[in-house]
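Asks: What follows is a structure written as structure tokens; I'll ask about it next.
The values are calculated or read from the model by the stated rules, or taken from the named source; none is laboratory data. Keep in mind the model is a prediction, meaning the values are calculated, not measured. Every residue, glycine as well, gets a Cβ built from its backbone with ideal geometry; the counts of neighbours run over all protein chains shown. Just so you know, the surface numbers come from the protein's heavy atoms only, side chains and all, with ligands and any DNA or RNA stripped out. Shrake-Rupley method; radii C 1.70, N 1.55, O 1.52, S 1.80 Å.
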Amino acid sequence: MTEEHLDRMVRDADPYRPDVIGHLDGARQSLLEEIVSEPTPGRVVEPSQPRSRARRAMVRRFAGALTAAAVLTGVVAASTMLREPPVDRQAAPVDRPSASTPVVYSPVAMKAAEKNPRLLINQPGWRATTVYGFAEQQGTIAFSNGGRQLEMNWYPAEYYHDFYADRLNVSPPEPVRVDSWPGELFRYSAGDFAVMLRPRDGVFVELRTGGRWSRHEFDRVITAVVRVDVRTWLAALPPEIVTPERVDAQAAKVLAEVPLPPGFDAAALGDLGTNDSYQFGAEVTSRVGCAWIAEWLRAKRTGDDAALQRAADALRSSHQWRVLHEMNEQGDWPEVFWRIADEVAASGPRPWRA
């Protein structure tokens, strides 16, 4: 996928972009600028993960910040039409919780899971390690087994032809099927493969390898990829993945020692879908940070000096937030957060550069 395709996809998919909602205020524009255009100093892109994939992952990782900023500063989000879930067959994926302890999932959890393809690897040793985007129109689930990874990304069906045209520059396509879902395989190298599954139910999926693979190993694994029902998919996720049922407990850990802005509703975090712990931390802290930025802007506008100072102090205190320090070894979100927080605390959000 080219950088031009990525930029167009992000611009078109973002319901809060300027050409849809008009000019954003400085807080949202600063976040947008950091997320979409800021380079990532010091980040190492593994040879098995092309730079465009790394940047795409970073854009999706920070998508929650855009959503939070838009909601917290009064922008009405575009509604998402829910599809009727297809009938899926049951599967028996590995590493599932014991059937003797049934889990009752909330309607929120069920609805979020119904909107995604719900693919699992029904083969011993594979475990979901990265999950995010399951409350959005696009997202990722990545499985790991030793030194091999298989990442599954899905996008709105409208982008399929652009993706497909780009992949034709990689290699000639080879027809394949994943649990009866037709698609094409593209070969980046002797051990690096991608499979694009054709649009279905409004989305298409791309499976992409990471680590060391052979074609024989890849063929064997994709025959074990199955599409399952909602309860099977949720039950197969390891306990460190934050599903809506686990939000309250995980949010309490994330928000420990974090000053909360006026009116912050921790109960509203249940709409974040399903995320791994890093993505969940980024989503939650982005909402807190954006709410403090909104409070800073309100206080500045109304001349409330005391509230302005409280907001600035709260943003500066983020350098001591335990959750951000725990996340800093894993990714770039804390560094971006601190830079924006320091700028706002000092003089307000940066003006947007067109």
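Asks: Return yes or no: is residue 209 open to solvent by less than 30 Å² (accessible area, probe 1.4 Å), in a helix (DSSP H, G or I) and under 26 Å from residue 138 (Cβ atoms)?
Replies: Criteria not met by residue 209.
Asks: Are any of the residues in segment 239-246 assigned to a helix (DSSP H, G or I), of a type outside the set (A, V, I, L, M) and under 17 Å from the mean Cα position of the chain (by Cα)?
Replies: yes
Asks: For the structure I just gave you, tell me whether residue 258 is open to solvent by less than 10 Å² (accessible area, probe 1.4 Å), closer than 22 Å to residue 333 by Cα and either touching a helix residue (DSSP H, G or I) at 6+ places or on another chain (Cβ under 8 Å) or modelled with pLDDT under 90 (or both).
Replies: So residue 258 fails the test.
Asks: Could you please let me know if residue 214 is in contact (Cβ under 8 Å) with a residue 12 or more places away in the chain and open to solvent by 10 Å² or more (accessible area, probe 1.4 Å)?
Replies: So residue 214 passes the test.
Asks: What is the number of the single condition among (1) open to solvent by less than 20 Å² (accessible area, probe 1.4 Å); (2) touching a residue at least 60 places away in the same chain (Cβ under 8 Å) that residue 162 does not meet?
Replies: For residue 162, the failing item is (1).
Asks: Additional query: Out of everything in segment 188-206 that is of a type in the set (Gly, Ala, Ser) and in a strand (DSSP E or B), what residue ends up being nearest to the chain's Cα centre (by Cα)?
Replies: Going through the qualifying residues, I end up with 194.
Asks: Hey, residue 186 hits all of (1) touching a residue at least 24 places away in the same chain (Cβ under 8 Å); (2) open to solvent by less than 10 Å² (accessible area, probe 1.4 Å); (3) of a type outside the set (Lys, Arg) but one; which does it fall short on?
Replies: (1)
Quick grid of which residues meet (1) under 26 Å from residue 142 (Cβ atoms); (2) touching a helix residue (DSSP H, G or I) at 6+ places or on another chain (Cβ under 7 Å); (3) aliphatic (A, V, I, L, M); (4) open to solvent by less than 40 Å² (accessible area, probe 1.4 Å):
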{"site": "231", "(1), (2), (3), (4)": "yes, no, no, no"}
{"site": "234", "(1), (2), (3), (4)": "yes, yes, yes, yes"}
{"site": "272", "(1), (2), (3), (4)": "yes, yes, yes, yes"}
{"site": "333", "(1), (2), (3), (4)": "yes, yes, no, yes"}
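Asks: I'm checking my understanding of the structure. Among residues of segment 338-353 that are open to solvent by 60 Å² or more (accessible area, probe 1.4 Å) and not in a helix (DSSP H, G or I), which one is modelled with the highest pLDDT?
Replies: 350
Asks: In addition: Quick one: which residue in 207, 308, 272 is at pLDDT 90 or above and farther than 30 Å from residue 180 by Cα?
Replies: 308
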